[in-house]
1. Order of MET79, MET115 from fewest to most other C-beta atoms within 10 Å?
2. Could you list the trypsin sites (Lys or Arg not before Pro) in region 253-308 that lie in coil according to DSSP, counting only those with at most 13 other Cβ atoms within 10 Å of their Cβ?
Amino acid sequence: MSDPEFHPATPLSPSQTNPTPHPKEISPRTQMPNTISRMSPNLEIATFTPSSALRALKSGAQRIELCAHKDRDGLTPDMDDFSSVYSALHFQNEKTDDEKIYEKEEKEKGEINIMIRPVDNSCLGIGSNDNFRVGDEVFEEMKGEIRRFRELGGRGFVFGILMDEGEAGKGLVVDRERCAELIGIAREGKDGENVRCTFHRAFDRIESVRMEEELEVLINLNFTSLLTSGGAPTSVQGVVQLQKLVQQAAGRIDIIVGGGVRSRNLEELMEETGARWFHSSAVIGDGEDVDGEEVEKMRYILEGTRVD
């Protein structure tokens with residue numbers, strides 16, 4: 001997800017709530033394979049065009065989060081954009097003796113996580129805090145998007161759905177049933193057990209006193225990772241809560257530190273949080289294009305520090 005300054009949770013209107021009760025039992029998390037080295041912290045870059053995605057990986061990012069519309073905090077990308085990036089990472093063109101060009105499959109050069117967020121509900125006039133509670137129509141669209149991206153080779157997804165806890169206005173919690181259904185769809189079929197599912201910064205809408213409990217919910221739902229600023233507008237401001245989340249997670253789920261992460265504050269965030277993953281759009285100034293030099297700077301900083 002991009003780097004907007006999220007604001008702490010505030011009381012919500014009852015519009016578009018989801019009163020679905022929490023399931024009484026949630027299956028324990030099974031450990032997901034991790035193909036990324038644990039020797040040093042890793043870098044994930046939010047990108048909004050195929051060219052930025054490839055630039056980020058070439059500059060040293062281990063993973064990209066492919067989105068659209070940075071100005072709307074990241075929406076589902078175009079499937080043609082995904083196919084373009086996927087092909088560039090998995091195939092290379094080779095010429096035969098008769099000058100015919102064909103594609104040869106090769107080892108993946110980096111990971112792609114796909115944002116699944118078809119609409120920004122805040123544009124409906126409900127209020128900015130409502131844009132992670134979705135109605136039935138949007139939920140069906142999210143399911144369809146995951147299925148279509150899986151058919152195209154997608155192996156990583158980023159999404160998050162919240163619901164009201166009890167009566168409207170009492171606070172937000174993870175929508176267990178809907179998230180479980182999306183994870184189930186993402187991990188259907190061949191190699192489904194290797195599909196990554198990240199819960200995005202919708203988590204930062206949850207009140208800090210509820211975060212410990214809701215992190216356990218994400219772990220039990222088998223999310224691979226959580227992208228969060230610790231509930232603060234930026235990760236630097238949320239560093240205390242981020243440290244608590246990393247310690248609580250204890251390797252059961254990756255805590256991805258995001259929200260204003262740049263080379264200027266990365267070393268501080270590494271030291272203070274102890275996290276293994278950091279997320280940035282690596283955009284300097286206006287626009288939505290990744291700055292390759294900024295990615296290289298962050299990669300250099302990360303490689304200079306070991307995490308036990």
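Each value in this text was obtained by applying a stated rule to the coordinates, not by laboratory testing. For clarity, every value in this text was computed on a predicted model and none was experimentally measured. All Cβ positions, even for glycine, are placed from backbone atoms using ideal geometry, and neighbour counts span all protein chains on display.
1. Exposure proxy ranking, most exposed first: MET79, MET115.
2. Of the trypsin sites (Lys or Arg not before Pro), the ones in loops of region 253-308 whose Cβ has at most 13 other Cβ atoms within 10 Å are ARG306.
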